[in-house]
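Following: one structure in structure tokens, then a few remarks.
The values are calculated or read from the model by the stated rules, or taken from the named source; none is laboratory data. In this text the structure is predicted, and so the values were computed from the model without any measurement. With ideal geometry, Cβ positions are generated from the backbone for all residues, glycine too; neighbour counts draw on all protein chains shown.
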Amino acid sequence: MARFISDGKLYDTDTAQKVCTFQKGFKGIIDIITVYKPATLYKTVKGTWFTVCEVSTNELRLFEETEESAKELLSDINTVELYIKFIGKPEEA
């Protein structure tokens, strides 16, 4: 589907595991407007997280993610089952 090279590393959506899809927010031309675009979170077999987002028609962009940003994303979109599957079960409140 999509392949990117960043910092000498290959990010390939065909070999990475698709975790979830969501809407990624970007600031518009005017800072008070947020534009949302479809995005997909992936995790590679080496444990690297990344997001691919359709920033405009026929233009995909790679966003490298950290373990922390992936945790935050899965928590923000409230995907409990996916959080447990990919991150682990959180401590009870």
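Observations, loosely collected:
- When the stretch 15-33 is filtered for residues that are surrounded by 12 or more Cβ atoms within 10 Å (Cβ to Cβ) and of a type in the set (A, V, I, L, M), the ones remaining, listed by number, are ALA16, VAL19.
- If the condition is being in a strand (DSSP E or B) and more than 21 Å from ASP76 (Cβ to Cβ), then the stretch 6-52 contributes SER6, LYS9, LEU10, TYR11, ASP12.
- So TYR36, is it more than 18 Å from TYR83 (Cβ to Cβ) and either of a type in the set (S, T, N, Q) or surrounded by fewer than 17 Cβ atoms within 10 Å (Cβ to Cβ) (or both): yes
- Beta carbons closer than 7 Å, at least 6 apart along the sequence or on distinct chains, pair a first residue in the stretch 51-64 that is closer than 13 Å to TYR11 by Cα with a second that is of a type in the set (Asp, Glu) and modelled with pLDDT of 90 or more for THR51/GLU65.
- Residue among THR79, THR57 that alone is under 16 Å from PHE22 (Cα atoms) and not basic (Lys, Arg): THR79
- So LEU73, is it of a type in the set (A, V, I, L, M, F, W, C), surrounded by 12 or more Cβ atoms within 10 Å (Cβ to Cβ), outside any strand (DSSP E or B) and at negative phi: yes
- Of all the criteria given as (1) free of Cβ contacts under 8 Å to residues at least 24 places away in the same chain; (2) among the small types (Gly, Ala, Ser); (3) touching a helix residue (DSSP H, G or I) at 6+ places or on another chain (Cβ under 8 Å), the one not satisfied by ALA70 is (1).
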